[in-house]
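The values are calculated or read from the model by the stated rules, or taken from the named source; none is laboratory data. Computed from a predicted model, the values in this text were never measured in an experiment. Here the Cβ is made from the backbone with ideal geometry for all residues, glycine too, and neighbour counts use every protein chain on show. Only protein heavy atoms, including side chains, enter the accessible area calculation; ligands, DNA and RNA are left aside. Shrake-Rupley method; radii C 1.70, N 1.55, O 1.52, S 1.80 Å.
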Amino acid sequence: MKGKAPQTILTDHNTWLKDAIAVEMPESKHAFCIWHILSKFSNWFSILLGSQYDEWKAEFHRLYNLEMVDDFEEGWRLMVADIVDFNDRAGAKQKMQRKMQKVCLKTGSPIESHAATILTPYALSKLQEELVSAPQYASFLIDEGCFQVRHHSQTDGGCKVLWLPCQEHISCTCHLFEFSGILCKHVLRVMSTNNCFHIPDQYLPVRWRSIGSSSLNHFQGATSRDQPERIQFLESLVSTLLMESVETDERLDVACDQVSMVLSRIKTLPRSSHG
């Protein structure tokens, strides 16, 4: 290739390859081969989804074959939300046990400490992976609010991070946040270098938050434009309600009584005239 890196490279699901490509070919788009992904579906999801596995797999193939990007993105968002909700219910006992365990901080950074008070254990672990890698990267201011971030072993290339503190806007050309909802090591490096000690609220997605008062406050004064996010939040509340209520008969009795009252109140409110 005479030193020219490919625009896109497909590999199997190999962590070492992923890290090596990020360092040696930072401008290349790295994706996992669909054949390798499909070959692992049974191991990943058959036990978790049980009788719903075949239905879910068929939905994945339907989404995979869609031609319009917007149709795929909307379908993918709904499918991921359903899998997360199913996993929450199936692993209720395990989640309760994890919740009782003391959170283990890996870096001791203010950003990590702040995130630990908000994120679910899984989301925190994914953010910690990025935080641990962040110190290996150098950031260079190349324009107002624009930084070049690359691995310390690189002499050029890397990712571009746009950071506008006054607007609390952060973005990176690696698009990890857009893909997973977790801030990337490049953004975290820029934030720490510029003395930013907490993650702006909009970069802590509802789907990765532990349900609590802070999550409820997030929706105070919400508008109709936030309806899909509020519906997803309500689903999380219901899932958590079930998870907490089934622990004892007393909890279950209280939950049934309170939910009955709330439902009766909701039924007295007017319905939408336009459906």
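A few points about this structure:
- Take each peptide in 17-25, 249-257, 190-198, count the other Cβ atoms within 10 Å of every residue, and average; sorted highest first, the result is 190-198, 17-25, 249-257.
- Linear extension gain, LYS160 paired with THR248, 0.36 nm per residue minus alpha-carbon span: 26.5 nm
- Note on surface exposure: ARG230, ARG209 rank ARG230, ARG209 by accessible area, highest first, 1.4 Å probe.
- For the set TYR122, TYR203, solvent exposure ranked by accessible area (probe 1.4 Å, protein chains only) runs largest to smallest as TYR122, TYR203.
- Of HIS13, HIS169, HIS152, the residue with the largest accessible area leads and the full order is HIS152, HIS13, HIS169 (1.4 Å probe).
- Virtual spin-label span in nm between GLN7 and GLN52, 7 Å along Cα→Cβ: 3.9
- Among the protein heavy atoms, those of ASP54 account for about 110 Å² of accessible surface (1.4 Å probe, every chain in place).
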